[in-house]
Amino acid sequence: METDKSKIIISLGDLYKSAESYIRFADYKEKQKKGTPALVVDYKGEKIPIYNCYLAAVLSSKMFKDISLNEDPTITISDILTKIIDGYLEGKNYFMNNHFLPSKYRYSRNSSSYVKKIKHLYFNKNIEEFGGVTFGCRYVKTDTPYVTSLEKFFKWGFNTAYTKLIEVMFEEDNTLFFGENNTDIDTTPKLDILKNESQDSSTFEFTNNFDSINEEKVYNHFKSNLVDTKMIDEADLRLYLKASFENKQIPETLFSFKNVRNKQSVIKVFYNYYKNVAIKPHGKQKEYAGLLGDYFQGYKTDTVSTNFSKD
């Protein structure tokens, strides 16, 4: 019996780390931060936006063209692109037939309920996606598909179509959807505010297979000490937590810090996790030192462990 390729789980974490070396990655990343497509795929005249910078780099770079993500059956980057395109075309067709109204018909006696429905699709609808439940089709602008499947990429394309078409409607009738007189509908942020969002933390989930600490505590510790201090960005934090806590697999290309005053300030972040969050589990000091030394450039686990011992 032939295996259904669409349901096979594939992991893209290491590929995304390699994608950071792609010459256009920085440009893609900046576009995603602005809420604009990092890449636009032209398929027979249909302009399909790819909002995620990592996915854009993987899909456009020739160095990933012939990479096989699975041996039997073989899954390639071309398979991912095909699924996104198929999902987009189906999503566009479904939206136009079931949800779309031309601008002149939106201002009817039922406009309030129509506005609620469209905003629900964009901001609030529960969608089972990569490792959990996300909210609204706009997750394609903020989430990164790490561990996923071709079936999920079809949904990604489907919701990309919804996102693009709804944003066109928002821009056409911003007052209708976000005007001050809409007191009977939800007061979700306006589109111009939304476009400045980057990586909504509420939609990110990972499994802590490293120790027994609650995932939210792990995330909050490193978010406040590394992302909020601008030593790494949100995207790198997510990749790091997936690699170190969930998969416990050291990537080929190690992570790196920026805006670091001195090495001791970085070591202190990881020591405080070991001491104050994990409460110094017996015989595990070197393993916790490895959370820094094994995964980041410029740090050695033995040296970090020695620094832990000085406290």
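Overview of results
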{"item": "Neighbours by Cβ (under 7 Å, 6+ apart or cross-chain): first from the range 237-250, more than 11 Å from residue 14 (Cα to Cα); second of a type in the set (Val, Ile, Thr)", "result": "237/227; 238/144; 241/218; 245/218; 246/207"}
{"item": "Unmet criterion (only one of (1) at positive phi; (2) more than 21 Å from the chain's Cα centre (by Cα)) for residue 260", "result": "(1)"}
{"item": "Where residue 44 falls short, out of the listed (1) out of contact with any helix residue (DSSP H, G or I) (no Cβ under 6 Å at 6 or more places or on another chain); (2) surrounded by 15 or more Cβ atoms within 10 Å (Cβ to Cβ)", "result": "(2)"}
{"item": "Hits in the range 262-288 (condition: in a loop (DSSP other than H, G, I, E, B) and closer than 18 Å to residue 303 by Cβ)", "result": "262, 284"}
{"item": "Number of the condition not met by residue 90 [criteria: (1) touching a residue at least 24 places away in the same chain (Cβ under 8 Å); (2) in contact with a Leu (Cβ under 7 Å, 6 or more places away or on another chain)]", "result": "(2)"}
{"item": "Of the criteria (1) over 26 Å from residue 119 (Cα atoms); (2) surrounded by 17 or more Cβ atoms within 10 Å (Cβ to Cβ), which one residue 87 fails", "result": "(1)"}
{"item": "Members of the range 32-56 found to be free of Cβ contacts under 8 Å to residues at least 40 places away in the same chain and either in the same structural domain as residue 235 (by TED's automatic domain parsing) or within 15 Å of residue 84 (Cβ to Cβ) (or both), listed by number", "result": "37, 38, 39, 40, 42, 44, 47, 56"}
{"item": "Residue check for residue 232: of a type in the set (Val, Ile, Thr) and either in the same structural domain as residue 142 (by TED's automatic domain parsing) or more than 26 Å from the chain's Cα centre (by Cα) (or both)", "result": "no"}
{"item": "Filter result for the condition that a residue is without any contact (Cβ under 8 Å) to a residue 12 or more places away in the chain and β-branched (Val, Ile, Thr), over 232, 279", "result": "279"}
{"item": "Filtered residue count, the range 276-287, keeping only those that are surrounded by fewer than 15 Cβ atoms within 10 Å (Cβ to Cβ) and within 30 Å of the chain's Cα centre (by Cα)", "result": "1"}
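The values are calculated or read from the model by the stated rules, or taken from the named source; none is laboratory data. Only a predicted model underlies this, so the values are computations on that prediction, with no experimental measurement involved. Note that we place each Cβ from the backbone using ideal geometry, even for glycine, and neighbour counts take in every protein chain shown.
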